[in-house]
Amino acid sequence: MNIHTPDIERTPDDSQAKVALDVLRAWARGASEAEILALDPAIARLLPESGLNYPSLSREYPEDFTVDAAYKASMPDLQNGPSSLIRGSQQQIQHVGISNFRLPIRFHTKRDGDLTLETSVTGTVSLDADKKGINMSRIMRSFYKHSERTFSFEVIEAALDDYMTDLDSLDARIQMRFSFPARVESLRSGLSGYQYYDIALELVESAGIRKKIMHLDYVYSSTCPCSLELSEHARALRNQLATPHSQRSVARISVEIERDAGCLWFEDLIEACRRAVPTETQVMVKREDEQAFAELNAANPIFVEDAARLFCEQLKADHRIGDFRVVASHQESLHSHDAVSILTEGELFAAQSLDPRLFGTLVHPG
């Protein structure tokens, strides 16, 4: 049963608040620390003699406060503290830094001048075993110094030099990811539209050796050769209409760009993929284009093993490309699983173990 006392509901005046405070302090003088802490924590502010009170802090934002050199020098910097502050094993860390900070970057294109694209940047350095940590904002500051320039691998190298110096590191990496638009013509109607390609540029320095890497996701249609032959068998022997299965498929092409071998344009790598597997998914489609695409798929049936080898053939023919990797995923319409393949050339991309979610990252939603 709830009892409402009129005196409690009435707003107390100053004299009543003072009496209440005196009663609280009298009680606190005989109470234990545990008893005081068991109350609302805000009550400790009213009991300075208990030793549990908080300091009186300003709750106003100091808009007119300015930071001078002496104040900055007084500020703690735990990340640059002594090795005695390291938690866990004193072990070298191969990659530490920041991922997915975004800014507009201007890129050269092969035919259409410069293009400004929203770009996601990852920057990391190695960390020696006896160092506590790094000031990660220095990576961003180093990159921003070059962000107004039209980007090339030479500009990325200048940014890498800056933050390797700022962070006193021997190894470092920069990766820049963006969606690159290219206008693509339809097969027969004369229409055209923008195809978007996920591209990443990567610069890696390890043990004094620098490597330039380009990654491209190429999306295409794959018609199963076995299904095509079985469909034609049903037509020929039983006069039965049948259609082969095909599916959206993705190849992630990663290539090392040879030093002093000339520029490998984004468009060059895209064209190499089209030569290897011409059944790229379409942008603008009328009925004549849809029919043409069906004919194109029938002329180029492809298993996932074929895809890897056809991409490999084109990459090996380009003198600008050194080591490379092809990861292909045919996201089956027949099966409830995907068909996948990986082909590597050279030591750079060779690996015994796979990221458990590697193939899951190759899904490209419409």
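The values are calculated or read from the model by the stated rules, or taken from the named source; none is laboratory data. All figures in this text were calculated on a predicted structure; none of them were measured in a lab. Don't worry about glycine lacking a Cβ; one is built from the backbone with ideal geometry, like all the others, and counts go over all protein chains shown. For accessibility, only protein heavy atoms count, side chains too; no ligands or nucleic acids. Shrake-Rupley method; radii C 1.70, N 1.55, O 1.52, S 1.80 Å.
Whenever a residue of the stretch 62-83 is at negative phi, its partners that are open to solvent by 100 Å² or more (accessible area, probe 1.4 Å), lying with C-beta atoms within less than 7 angstrom and at least six residues away or across chains, give the pairs Ser83/Gln90.
Per-residue answers, yes or no, for (1) buried (at least 17 other Cβ atoms within 10 Å of the Cβ); (2) part of a helix (DSSP H, G or I):
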{"position": "Pro244", "(1), (2)": "yes, no"}
{"position": "Ser254", "(1), (2)": "yes, no"}
{"position": "Asp260", "(1), (2)": "no, no"}
{"position": "Glu267", "(1), (2)": "no, yes"}
{"position": "Ile270", "(1), (2)": "yes, yes"}
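Screening Val250 with (1) touching a helix residue (DSSP H, G or I) at 6+ places or on another chain (Cβ under 7 Å); (2) of a type in the set (A, V, I, L, M); (3) open to solvent by 60 Å² or more (accessible area, probe 1.4 Å) gives one miss only, at (3).
Scanning the stretch 197-229 for residues that are assigned to a strand (DSSP E or B) and of a type in the set (S, T, N, Q) returns Ser206, Ser221, Ser222, Thr223.
Restricted to the stretch 292-339, and to residues there that are under 27 Å from the mean Cα position of the chain (by Cα) and open to solvent by 60 Å² or more (accessible area, probe 1.4 Å), the residue that is nearest to Cys273 (Cα to Cα) is Arg325. Screening Ile134 on (1) touching a residue at least 24 places away in the same chain (Cβ under 8 Å); (2) open to solvent by less than 70 Å² (accessible area, probe 1.4 Å); (3) within 29 Å of Ile270 (Cβ to Cβ); (4) under 22 Å from the mean Cα position of the chain (by Cα) shows it passes everything except condition (3).
One residue stands out among those in the stretch 170-196 that are at pLDDT 85 or above and not in a strand (DSSP E or B): the one that is most open to solvent (accessible area, probe 1.4 Å), which is Arg188.
Just a yes or no: is a residue in the stretch 292-312 modelled with pLDDT of 95 or more and more than 24 Å from His245 (Cβ to Cβ)? There is at least one residue in the stretch 292-312 that is modelled with pLDDT of 95 or more and more than 24 Å from His245 (Cβ to Cβ). Within the stretch 117-169, being closer than 13 Å to Leu103 by Cβ, of a type in the set (Ser, Thr, Tyr) and assigned to a loop (DSSP other than H, G, I, E, B) holds for one residue alone: Ser147.
Whenever a residue of the stretch 199-215 is more than 17 Å from Ser99 (Cβ to Cβ) and of a type in the set (Ser, Thr, Tyr), it has no partner that is surrounded by fewer than 17 Cβ atoms within 10 Å (Cβ to Cβ) and at pLDDT 95 or above lying with C-beta atoms less than 8 angstrom away and at least six residues away or across chains. The sole residue among Tyr196, Tyr218 that is under 27 Å from Met284 (Cα atoms) and without any contact (Cβ under 8 Å) to a residue 24 or more places away in the chain is Tyr196.
Note on the stretch 340-361: residues that are part of a loop (DSSP other than H, G, I, E, B), of a type in the set (Gly, Ala, Ser) and surrounded by 14 or more Cβ atoms within 10 Å (Cβ to Cβ) amount to 0.
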